[in-house]
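Peer 1: This is the structure, below, for whatever I ask next.
The values are calculated or read from the model by the stated rules, or taken from the named source; none is laboratory data. None of these values were measured; they are calculated from a predicted model. For neighbour counting, all protein chains shown are included, and Cβ atoms are generated from backbone atoms with ideal geometry for every residue, glycine included. All accessible areas refer to the heavy atoms of the entire protein, side chains included, with ligands and DNA or RNA removed. Shrake-Rupley method; radii C 1.70, N 1.55, O 1.52, S 1.80 Å.
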Amino acid sequence: MAGKTINDVTITSTKWFEASSGNPAFCQVNATRAPYLDIEIDVRRTGLVGLWQQGGGGLDGKITSAITIDAATGAITDVTIALKDGLAVYAASNGGNRASVPAQAAPFVWANGTVDGVASAEDYAYAALNTTREFAKAATKAFYGRLPDHTYFNGCSNGGRNGLHCRRSLA
């Protein structure tokens, strides 16, 4: 799926992780939409129980991943209970900003007067939430051949705003 575009979101990479240390086998799909919206969805090989949104917090700007990787070895040390329980898990930078790149980080990028800055502010205000949800649904359908029967949400702070869109995800 790498390089494929779904609803204006381009899949930038896919990586398969074999089952290990009690963690299930799954595929991680990373994607982006201009100017700065980054999305991750992790899907298990077997069965689709539902779709789980990892909500953001604060000004967002980074993905709350479903997996924990040891920085020294690159090995997965843990995955969220949602992924272990058969849910496809997705998360995004939500604000359309990239916290790790100062020139693309909120809130300053929103006030810089550029087209990308304005688009990033619109993403943070509302657009990223719908884009992320629709991409997660489409990617899940592409992987499993059907939409999930149930959706779930986890998040706090700004993630509560993300939850408003999660509850409408099958609409």
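Peer 1: Consider segment 56-101. How many of its residues are under 14 Å from Leu37 (Cα atoms), touching a Ser or Thr at 6+ places or on another chain (Cβ under 8 Å), assigned to a loop (DSSP other than H, G, I, E, B) and of a type outside the set (Val, Ile, Thr)?
Peer 2: Total meeting the criteria: 9.
Peer 1: Would you be able to tell me the number of residues in segment 43-86 that are open to solvent by 70 Å² or more (accessible area, probe 1.4 Å), touching a strand residue (DSSP E or B) at 6+ places or on another chain (Cβ under 8 Å) and at pLDDT 85 or above?
Peer 2: 4
Peer 1: Kindly provide the set of residues from segment 102-157 that are assigned to a helix (DSSP H, G or I), among the β-branched types (Val, Ile, Thr) and crowded, with 18+ Cβ neighbours inside 10 Å, ordered by number.
Peer 2: Within segment 102-157, Val109, Thr131, Thr132, Thr140 meet the criteria.
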